[in-house]
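Down below is the structure, laid out as structure tokens.
Values in this text are rule-based calculations from the coordinates and carry no lab data. None of these values were measured; they are calculated from a predicted model. Virtual Cβ from ideal backbone geometry, glycine too; neighbours counted across all protein chains shown.
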Amino acid sequence: MKVAFMYATFENIGIEMLSSMLKKEGHSTRLFYDPQLFDDLFYSKKYLGKFFSFKKKIFDDLKRYKPDMILFSVVSADYSWACEYSSEIKKIMNVPIVFGGIHVTSMPEEVLQNKFVDYVVVGEGDFAVVDLMNNIESGNINYSIKNVWFKKNGLIIKNSVRPIFQDLDKLPYPDKELYKKHGQPFITGYTILTVRGCPNRCTYCNHDVYKNIYPNNNTYIRRRSVKNAVSELADSKKKYKIKFIRIIDDDFVRELSRLELFCKLYQKVNVPYVCIAHPTNVTVKSVKALKLSNCKQVAIGLQNINENLRTKILNRKETNEDVKRMIILLNRYKIRCIIDLIMDLPSSTSKHMKEAFEFFCKYTPAGLCMPWINYFPKTTIVDIAYKHGILDKKSIRKLELKPNKKTLFILDNKIHKEITMKYQNLLTLLLVSKRLAKFMYRTKLFLSIPSRFMLLLRVFSYFRNRTGYELELLRNPRRYFYQSLRKLRTL
Ligand code: B12
Ligand code: SF4
């Protein structure tokens with residue numbers, strides 16, 4: 001069977017896994033990729049978006065390919081995009097359409113109620129997608145496939161999920177060929193996942209949703225053997241021109257013995273890499289292992305500097321002592337430490353921003369990433385925002401049914417937003433010049449400087465502090481540039 005994957009903006013390991021599973025069963029796969037230039041959730045300019053749109057090309061390619069099945073992988077940010085594309089596809093070809101991914105797992109029934117969605121897959125889809133595909137190929141539909149929800153005579157058939165798959169080494173490597181033809185940036189920066197699951201349950205994270213489906217922590221966290229993960233990297237290094245590697249495990253330093261083994265085996269690959277870590281597990285030993293194995297950057301999701309807010313609102317367990325230790329160690333070993341802070345969390349105030357400034361003046365990381373809060377469907381933080389009067393029942397339903405710029409970004413209070421932005425700018429200035437930032441803070445000058453000026457400073461600091469890794473990880477201008485050239489060439 002010919003399978004078409006539809007995805008926008010970024011690389012997605014989830015669909016690379018599904019593609020490998022399907023290829024192993026003899027199906028062929030192809031990715032129809034929309035870079036969403038100038039028209040994504042965060043930056044949208046109508047005319048530019050139209051000019052650089054890949055939609056027509058994607059539809060022409062799809063008609064030529066004549067798929068037997070179309071698969072959409074959906075994060076909430078791209079749900080509207082997926083709905084728009086699938087409803088238009090249904091008008092031009094009669095092909096079954098399957099939706100899966102985190103948004104679908106959060107809202108399966110609502111997604112399946114769309115006329116243009118034939119099946120949804122809940123939870124991990126590696127085996128479900130193969131069963132579904134083989135089933136459809138046989139022409140004899142079995143409505144009891146685990147993880148798959150069906151429509152039958154106006155009713156929805158909801159199947160339970162299969163036990164979560166344990167032996168990750170038995171899965172094939174993700175199919176990197178899927179993205180290869182869509183641009184060099186996908187290949188120079190190689191993404192790998194070595195662990196699935198997380199023991200924690202932060203209120204704003206997708207694990208909060210997954211743990212309702214897979215409640216047993218002992219089976220939820222699964223690790224590939226280090227040997228298996230390093231073999232993937234070694235094989236891929238021979239195949240592609242990899243310049244750096246992104247390890248997207250939720251906490252790459254969680255188990256020291258594993259990290260030390262990685263450090264040993266990785267010597268044969270030795271490509272610079274970036275990873276994600278949890279502050280509690282960043283110790284002298286783990287940082288030494290990171291350094292020895294050529295780690296250049298560690299990203300940390302701290303989200304707010306206030307311990308009390310972190311515990312009560314976010315269910316995060318690290319202390320500020322952990323955070324201090326982590327910054328000092330990473331700075332000492334010259335590994336870039338990038339800290340995420342979410343702006344405008346429930347109960348956050350400018351007092352917390354002030355606290356953050358004072359803390360980071362003393363312990364300064366290499367970078368701060370400061371996005372505004374997004375409320376994702378079915379995460380506990382949505383209930384917390386409800387209790388704080390930030391979201392009402394209507395706005396919650398809106399973000400569940402129609403997540404978009406308006407519904408996902410709820411800015412609690414305009415005055416608070418203004419002040420938060422001033423502090424955001426001040427924190428950025430801190431990364432460029434500590435002395436100037438302290439002066440601005442002491443004299444309160446930062447409160448009266450126009451935001452546009454500070455924005456310029458933020459752009460300057462972004463490029464001043466940039467490393468190839470950071471650019472690839474964040475908004476990825478290189479990918480933007482590359483895709484724009486591709487579009488111009490096709491005009
Ligand atoms: C790595 C990562 C990124 C990378 C790569 C993105 C990507 N799409 O993989 C980068 C840095 C680019 C990124 C960007 C963003 N990310 Co991100 N990211 C992750 C992270 C840490 C890992 C994703 C991953 O690879 N998981 C492992 C794979 C194996 O699992 P999976 O993708 O869920 O796929 C499995 C199932 O869902 C299912 N499945 C998936 N798709 C399909 C499709 C079909 C048809 C079927 C049958 C099954 C199926 O089967 C797969 C295999 O079992 C997750 C958190 C997490 N731990 O999952 C957040 C996460 C996906 N990101 C998130 C967000 C919000 C974003 C951004 C919007 C952030 C931003 N401010 O820009 C962007 C946009 C994402 C986009 N359009 O893709 C949220 C999404 C929440 C939501 N409800 O939508 C998550 C869940 C984190 C969170 N807050 O909880 N991200
Ligand atoms: S520690 Fe990170 S990955 Fe784990 S639940 Fe919290 S935010 Fe999610």
**Q.** Reduced Cα scattering model of region 280-381, Debye log10 I(q)/I(0), q = 0.11, 0.17, 0.20 Å⁻¹
**A.** -0.35, -0.79, -1.03
(Q) Using a 10 Å cut-off around each Cβ, can you sort LEU41, LEU290 from fewest to most neighbouring Cβ atoms? (A) LEU41, LEU290
**Q.** Cα-based equivalent ellipsoid, region 178-220: semi-axes from gyration tensor eigenvalues, Å
**A.** 31, 11, 9
Q) At a Förster radius of 60 Å, what calculated FRET efficiency corresponds to the Cβ-Cβ distance of GLU137 and THR283, to the nearest 0.05? A) 0.70
Q. Pairs LYS66/LYS487; LYS151/LYS393; LYS334/LYS362: which are spaced more than 20 Å apart, C-alpha to C-alpha?
A. LYS66/LYS487; LYS151/LYS393
Q: Just tell me which lysines come within less than 19 Å, Cα to Cα, of LYS387; anything on the same chain fewer than 8 places away is out.
A: LYS312, LYS378, LYS398
Q.
Just to confirm the filter: which chymotrypsin sites (Phe, Trp or Tyr not before Pro) across region 269-358 are DSSP coil and have at most 16 other Cβ within 10 angstrom of their Cβ?
A. TYR333
Q | Pairs of alpha carbons in the chain whose separation is greater than 42 Å (percent) | A | 17
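Any of LYS146/LYS402; LYS57/LYS146; LYS237/LYS264; LYS285/LYS324 with alpha carbons more than 24 Å apart? Name them for me.
Too far apart for the 24 Å limit: LYS146/LYS402; LYS57/LYS146.
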Q.
For region 2-165, what does the relative contact order come out to in percent, with C-alpha contacts under 8 Å and a separation of six or more?
A. 18
(Q) For a quick check of your reading of the filter: which trypsin sites (Lys or Arg not before Pro) in region 2-74 sit in a DSSP loop and have no more than 14 other Cβ atoms within 10 Å? (A) LYS45
(Q) Tell me the Rg and the Dmax, in Å, that the Cα atoms of region 2-165 produce. (A) 15.5, 48
Q: Just tell me which aspartates and glutamates come within less than 14 Å, Cα to Cα, of LYS296; anything on the same chain fewer than 8 places away is out.
A: GLU470, GLU472
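Please report the relative contact order for the chain, taking Cα pairs under 8 Å with a sequence separation of at least 6, and give it as a percent rounded to a whole number.
Averaging sequence separation for qualifying contacts and normalising by length gives 12 percent for the chain.
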Q: Just tell me, in residue order, which DSSP H segments of the chain are both 24 angstrom or longer along the helix axis (alpha-carbon based) and at least -0.5 in mean Kyte-Doolittle hydropathy.
A: 414-432
